[in-house]
1. Taking all pairs of different Cα atoms in segment 3-259, averaging 1/r and flipping that mean, what Kirkwood radius in angstroms comes out?
2. Calculate one ³J(HN,Hα) per residue across segment 103-109 by plugging θ = phi - 60° into the Karplus curve 6.51 cos²θ - 1.76 cosθ + 1.60, and present them in order as whole Hz with x for glycine and proline.
3. Given the options PHE47, ALA391, ALA370, identify the residue whose Cα lies farthest towards the positive end of the charge dipole of the chain (+1 on Cβ of Lys, Arg; -1 on Cβ of Asp, Glu).
4. Could you work out the relative contact order of segment 279-405, using alpha carbon pairs under 8 angstrom and six or more residues apart, expressed as a whole percent?
5. Evaluate the relative contact order of segment 417-464 (contact order divided by residue number), counting alpha-carbon pairs under 8 angstrom at least 6 apart; express in whole percent.
6. Just to be sure I understand: of the beta bridges DSSP finds with both ends in segment 171-267, what percent are antiparallel, rounded to 5?
7. Regarding segment 102-195, what's the average projected area of the Cα-atom convex hull, expressed in nm²?
8. On a 0 to 90° scale, report how tilted helix 118-130 is relative to the longest principal axis of the chain, with both axes built from alpha carbons and the result rounded to the nearest 10.
Amino acid sequence: MIKLYNTMSRRKEDFVPVEPGKVSMYVCGPTVYNYIHIGNARPMIFFDTVRRYFEYRGYEVRYVSNFTDVDDKIIKEALKEGVDSSVISERYIAECKKDMSGMNVEPATVNPLATQEIDGMIDMISTLIEKGYAYEVDGTVYFRVRRFRNYGSLSGKNLDDLRSGFRDLKVTGEEQKEDPLDFVLWKPKKEGEPYWESPWSQGRPGWHIECSVMSKKYLGEQIDIHGGGEDLIFPHHENEIAQSEAASGRTFAKYWMHNAFLMVDKIKMSKSLGNFFTVREVASKYDLEVLRFFMLSAQYRSPLNFSEEQMEQAKSGLERIQSAGQRLKELTEHAPEIPMTEEEAAAGQSFIASFEEAMDDDFNTAVAEAAVFDLVKYANTNAPSMGRAQAKDLFDKLLKMTDILGIAAVKEQGLLEEDIIKLIDERTEARKQKNWARADQIRNELSAKGIILEDTKDGVKWKKA
Ligand code: AMP
Ligand code: ZN
């Protein structure tokens with residue numbers, strides 16, 4: 001049984017899906033006005049791992065994650081560059097997808113774009129107005145927070161405290177609100193901004209309504225899991241709950257999951273603080289698989305500090321796993337054909353059992369990674385006397401675990417073109433020196449890596465086997 005921590009109930013609960021055998025998950029995606037930073041990558045990597053684990057456990061997963069492609073920050077960036085805001089959002093969606101692919105984050109079942117879902121937003125806002133949960137003033141539509149009884153249940157905030165806080169810092173232009181807690185569902189355009197027609201004004205939706213609408217459209221009125229970083233609990237997720245439940249009259253999400261922050265020098269990494277690294281920057285130094293492995297080295301509800309030292313540790317850990325993977329793979333082909341003993345079978349089973357136990361316990365990837373290292377250590381110790389059956393068993397188990405974590409069990413050992421050319425030049429030189437042994441050795445080495453050499457009168461040609 002998978003247990004997960006539900007932010008709503010503030011405790012770990014058994015996972016029981018709305019529909020048996022199926023999981024519907026919505027995870028709030030990035031606002032696309034720049035390259036994503038590695039703080040944004042934490043929910044991407046973590047929830048991708050959650051999805052993989054549910055699939056491993058036999059669930060059919062529908063995973064939806066949006067791109068917020070209309071927003072003040074995108075408009076600001078567009079004005080700065082003198083282009084349409086769609087140029088900015090399209091560019092950074094494409095870049096974000098490249099980063100995701102580098103981090104082995106599988107494409108979601110659907111990646112909806114806010115700008116493609118405006119009709120649905122207008123429908124939901126109209127419903128909220130009809131039901132008395134929203135009101136319009138001068139083209140702006142607000143959600144009437146005091147009408148929604150459960151407001152504050154996710155974040156556990158006291159509404160009176162919130163109200164008095166707001167009163168002190170009244171935002172100009174928002175005096176027309178009935179209550180300082182009321183939030184925007186639709187706002188009129190300002191000069192030069194992108195806009196859509198609506199019954200209230202030419203304008204655009206507020207941020208919160210996007211997710212309520214996209215989640216409903218692609219997953220239905222009630223979903224299993226809604227996720228995101230913990231900064232989204234208030235107000236974003238609180239507001240999503242208010243909108244969705246006021247409109248449908250049903251519980252919106254059964255489980256709310258929130259990852260803690262990625263930190264740098266003990267401070268949250270964020271664009272506004274400027275203390276961030278983009279995934280792209282990290283990619284120039286490390287394989288993004290290392291970033292993924294690092295990200296999963298902590299339980300997702302614990303803050304995780306990013307540092308060079310931690311990344312180096314993740315890198316060598318990953319190398320240790322992959323060299324053991326390589327060794328096991330070779331043993332599956334070359335080890336003596338002796339049957340596996342009962343103890344050997346039990347040892348293999350114990351690693352996968354600890355891995356599953358860790359993942360069942362609120363997706364504890366830190367302990368799951370430790371189970372992988374236990375398997376690796378055992379494999380390295382026993383490799384010299386290992387039979388083929390056991391090698392196959394351990395390799396198969398290692399593959400299962402690394403697939404769930406989204407890392408490779410064996411590094412592809414492809415040669416770079418420049419390395420091939422270097423070796424060919426060295427071989428030509430060796431032949432000139434009549435060093436036939438070295439020349440043959442190079443030919444064999446290349447052939448083992450799938451590179452075939454052909455000596456022609458115009459020199460050496462090579463091709464991949
Ligand atoms: P944003 O583009 O700021 O809306 O963020 C997209 C996602 O990244 C949200 O789920 C945020 O909660 C998450 N996020 C942003 N910064 C961090 C961070 N430093 N650590 C973990 N998650 C973050
Ligand atoms: Zn959202």
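1. 19.1
2. Coupling constants for segment 103-109: 8, 6, 7, 5, x, 5, 4 Hz.
3. Value computed over the given set: ALA391.
4. 35
5. Relative CO of segment 417-464 lands at 24 percent.
6. That works out to approximately 45 percent antiparallel.
7. Mean shadow area of the hull around the Cα atoms is 9.7 nm².
8. Helix 118-130 and the main axis of the chain meet at about 40 degrees.
Values in this text are rule-based calculations from the coordinates and carry no lab data. Remember, predicted model here, so these are calculated numbers, not experimental data. For neighbour counting, all protein chains shown are included, and Cβ atoms are generated from backbone atoms with ideal geometry for every residue, glycine included.
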